[in-house]
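The structure under discussion appears below in the form of structure tokens.
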Ligand SMILES: Nc1ncnc2c1ncn2[C@@H]1O[C@H](COP(=O)(O)OP(=O)(O)OP(=O)(O)O)[C@@H](O)[C@H]1O
Ligand SMILES: [Mg+2]
């Protein structure tokens, strides 16, 4: 009887937490959508006024409208993707991936962005294959490397490493993405994988970030029955670990 009561209290607490998160999520989404929309509305009104009063339309305004429309679209695409991964509505299509080929291919476009900043991406392939959904693994890799490039200063070094390891809860194929950037203060590490969480909201948004990248990584790893963790030392750099169980019973 007592056990049942405790269980009920736990269930109620979990429901309350879920409800609180849902309310926060709706508030966050609305806020994130409102910012670019307000800008689009304002500049469109100004353009219309200019045209109506015979003034030439300023192309800069159109550029701002386009930039904010792209931002809205990226945000909505990320949200749809996140909800598909989270609900399991998107079927996983796991295949045997050759990690060298796969990583080299994924790095092609990412390397261009790194080069623009004079940064380098190093690749270490210490295990040959992974059984996983290529589209989703590429998203994980891209999100982590894009972050490293974005949040590290020029001339940084980013390392991508694949290896096999044994942990207390089994054997894993692990993807490690490390950088020698500014690092993340310990007090923020827990919250990093929450939706819309950004350390420096203004700066990250300026760089086009929505704060959804790492939550997408987390959910993709969960869908593969794996996990993502982070370690960081201020002034030295950040390291993400994505662990894929070696014998996954993937729900496809
Ligand atoms: N390698 C890193 N070094 C320092 N800070 C980082 C690093 N990776 C992520 N962060 C911090 O974590 C925050 C959350 O990252 P996340 O990828 O979820 O969002 P984002 O990059 O802001 O936006 P998005 O990925 O949706 O474009 C970032 O805003 C940044 O402050
Ligand atoms: Mg990101």
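Quick notes on this one:
- Flag if residue 55 is more than 30 Å from residue 196 (Cα to Cα) and surrounded by 11 or more Cβ atoms within 10 Å (Cβ to Cβ): yes
- Residues being at pLDDT 90 or above and outside any helix (DSSP H, G or I) - total across region 81-111: 7
- Across region 146-177, the qualifying residues are those that are over 17 Å from residue 115 (Cα atoms) and within 13 Å of ligand 1 (Cβ to nearest atom), and the one among them that is surrounded by the fewest Cβ atoms within 10 Å (Cβ to Cβ) is 176.
- Only one of the listed residues (233, 210, 238) is touching a strand residue (DSSP E or B) at 6+ places or on another chain (Cβ under 8 Å) and either within 14 Å of ligand 2 (Cβ to nearest atom) or not assigned by TED's automatic domain parsing to the domain that holds residue 36 (or both). That residue is 238.
- Residue 196 being modelled with pLDDT of 95 or more and either more than 13 Å from the chain's Cα centre (by Cα) or within 12 Å of ligand 2 (Cβ to nearest atom) (or both): no
- Selection of first residues in region 73-89 that are within 13 Å of residue 136 (Cβ to Cβ) and not assigned by TED's automatic domain parsing to the domain that holds residue 212 and of second residues that are in a helix (DSSP H, G or I) and within 11 Å of ligand 1 (Cβ to nearest atom), restricted to Cβ pairs under 6 Å at least 6 apart or on distinct chains, gives the following pairs, ordered by first then second residue: 82/216.
- Within the set 17, 67, the sole residue that is surrounded by fewer than 12 Cβ atoms within 10 Å (Cβ to Cβ) and either closer than 26 Å to residue 216 by Cα or touching a residue at least 40 places away in the same chain (Cβ under 8 Å) (or both) turns out to be 17.
- Applying the criterion of being within 16 Å of ligand 2 (Cβ to nearest atom) and surrounded by 13 or more Cβ atoms within 10 Å (Cβ to Cβ) to the residues of region 70-97, the residue that is farthest from residue 216 (Cα to Cα) is 71.
- Filter pass, residue 183 being at pLDDT 95 or above, at positive phi and within 13 Å of ligand 1 (Cβ to nearest atom): yes
The values are calculated or read from the model by the stated rules, or taken from the named source; none is laboratory data. Just so it is clear, the model here is predicted, and its values are computed rather than measured. FYI the Cβ positions are ideal-geometry reconstructions off the backbone, even for glycines, and counts take in every protein chain you see.
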